[in-house]
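For reference, the structure is listed below as structure tokens.
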Amino acid sequence: LLAGPEGRKKRVCYYYDSEVGNYYYGQGHPMKPHRIRMAHSLLVHYGLHQKMDVFAPTKAKERDLCLFHADDYVRFLKTVTPETQHEQIRQLKRFNVGEDCPVFDGLFPFCQTYAGGSLGGAVRLNQKMADIAINWAGGLHHAKKCEASGFCYVNDIVLAILELLKFHEGRFTSSAAGPSLLKCQRVLYIDIDIHHGDGVEEAFYTTDRVMTVSFHKFGDYFPGTGDIRDVGFEKGKYYSLNVPLNDGIDDESYQCLFKPIISKVMEVFQPGAVVLQCGADSLSGDRLGCFNLSVKGHAECVRFMRSFNVPLLLVGGGGYTMRNVARCWCYETGVAVGVELEDKMPYNEYYEYFGPDYTLHVAPSNMENQNSLQYLQTIRERLLENLSRLQH
Ligand code: TV1
Ligand code: CA
Ligand code: ZN
């Protein structure tokens, strides 16, 4: 089979737990695991499950979670309940569990499930049993070693990257002694959620084995980190990249940063695997977001990463207008398996959510793009300059 611009056919594995949609953060909370079930239903009705290996994730064990998180924090997540939390006010404060990250029924199995999906995907990529692994329930990028943050309790991305680093082999090179396997063991992390990927950046801020790149709204916006001047520290200097953006960014402006920056990253860093966090709160019309991306514009990042033919882990993340999250992750699953889905939606369990148009795609809005051409050019040059310091 000839590889076209879309690359070769890919073996895709997909992790979905039929219970995940039942977890509930509480009344009024914008994070709704139900959107994962909506995305799943939609992609099944498009027939995409027949083009992938579908797995129910194995729940991550307490000791798996402790490969990144502190033992006492994991123990707390495991034991706290909505009924008993009032007896542990000090612990709640200490671990930042409360309003953004409430205690809810099934909190620990929820964490085990979403972390289990990302870990399972990483293992499968390591085993060379898949080219692309998908876990839409994962991508909870704010969780820290000892605390919850921004709707995230355990950091499935950090855990998956640690798993990829355990085995991942880099490129083959030839030497005078003949071909030899160089263990480069580098993982690239890219984050297109509208929020800064602070938990993942922090975990790998001082290493040159993981490069993190986050595109995010910056300026009076959660979590407040992700300044363009934050580039990593010590051995990790220039291995963190931050792309601060303003309201209203559209597909064209986004891609005129994403493509040149990521092309350069791929060239100089040459990762053995890529993890792409596909937070859908960067879509137009998101309840918490303020960008103006279409589903196609968002998915262009997936299409582009797929074209490098490097093992790829796709995870979810934010996304607070449920119907658009389901549209986006369904369409991106189609991109992963290499089929273009028709715009007219098939009937599905959640059909009424997608009215009145019942289409996969939604038009971006007419909001103002507050990222001027001058601004985009300036940050692109600064970021490419930082990357040129990596070349030896
Ligand atoms: C309960 C009920 C919690 C209603 C939280 C929006 C709510 C928010 C709620 C909310 C909300 C945030 C902050 C302020 C920190 C706080 C999954 C002291 C209508 C990856 C996380 C955003 C984004 C956290 C997560 C943010 C992700 N925004 N209603 N909370 N401070 N928290 O600003 O990156 O998408 O909003
Ligand atoms: Ca981001
Ligand atoms: Zn977000």
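What follows is calculated from the coordinates using simple rules that are stated; it is not laboratory data. None of the values given here were measured: they were computed from a predicted structure. Positions of Cβ are backbone-derived with ideal geometry, glycine not excepted, and every protein chain shown enters the neighbour counts.
Annotations
- Listed from fewest to most Cβ neighbours within 10 Å, the set W329, W136 follows the order W329, W136.
- GNM flexibility winner over the chain from Y25, Y331, Y350 (Cα, springs under 10 Å): Y350
- The stretch between K93 and F233, if pulled fully straight at 0.36 nm per residue, gains 47.5 nm over its current Cα-Cα span.
- Charge context of S240, other residues only, Cβ under 10 angstrom, K/R +1, D/E -1: -2
- The charge dipole of the chain, taken about its Cα centre with unit charges on the Cβ of Lys, Arg, Asp and Glu (plus for the first two, minus for the last two), comes to roughly 1280 debye.
- Among the listed pairs K61/K217; K9/K217; K32/K144; K10/K235; K10/K259; K51/K217, those whose Cα-Cα separation exceeds 30 Å are K61/K217; K9/K217; K10/K235; K51/K217.
- Near I262: Cβ cut-off under 15 Å, other residues only, Lys/Arg at +1 and Asp/Glu at -1. The net charge is +3.
- Computed across the chain, the Kirkwood hydrodynamic radius from all distinct Cα-Cα pairs reaches 21.1 Å.
- Cα lying deepest toward the dipole's positive end in the chain, options V20, A60, L390, charges on Cβ: L390
- Each of D191, D198, D64 was scored by other Cβ atoms within 10 Å of its Cβ. Listed from fewest to most, they are D64, D198, D191.
- Considering only T58, T212, T84, the mean-square fluctuation computed in a Gaussian network model of the chain, springs between alpha carbons under 10 angstrom, is largest for T84.
- Positive minus negative residues near H298 (Lys, Arg vs Asp, Glu; Cβ under 12 Å): -4
- Taking the charge dipole of the chain about its Cα centre, with +1 at Lys and Arg Cβ atoms and -1 at Asp and Glu Cβ atoms, the residue from C328, G121, A39 reaching farthest to the positive side is G121.
- Membrane-span-like helices in the chain (whole DSSP H runs, Cα extent of at least 15 Å along the helix axis, mean Kyte-Doolittle hydropathy of at least 1.0): 156-167.
- In order along region 208-217, the Karplus-derived 3J(HN,Hα) couplings, from 6.51 cos²θ - 1.76 cosθ + 1.60 at θ = phi - 60°, round to 9, 8, 10, 9, 10, 10, 10, 9, 7, 6 Hz, and Gly and Pro are given as x.
- For region 234-285, applying the loop criterion from DSSP together with a ceiling of 15 other beta carbons within 10 Å to the trypsin sites (Lys or Arg not before Pro) yields K237.
- Summarised as an ellipsoid, region 79-138 has semi-axes of 33, 10, 9 Å, derived from the eigenvalues of the Cα gyration tensor scaled by 5 and square-rooted, with the largest first.
- When S149, S263, S118 are arranged by Cβ crowding within 10 Å, least crowded first, meaning fewest neighbours, the order is S263, S149, S118.
- By definition, a body whose alpha carbon gyration tensor gives a ≥ b ≥ c is oblate when a/c is 1.5 or more and a/b is not larger than b/c, and region 244-387 fits this oblate description.
- Distance from the C-alpha centroid of region 47-89 to that of region 343-392: 31 Å, rounded to the whole angstrom.
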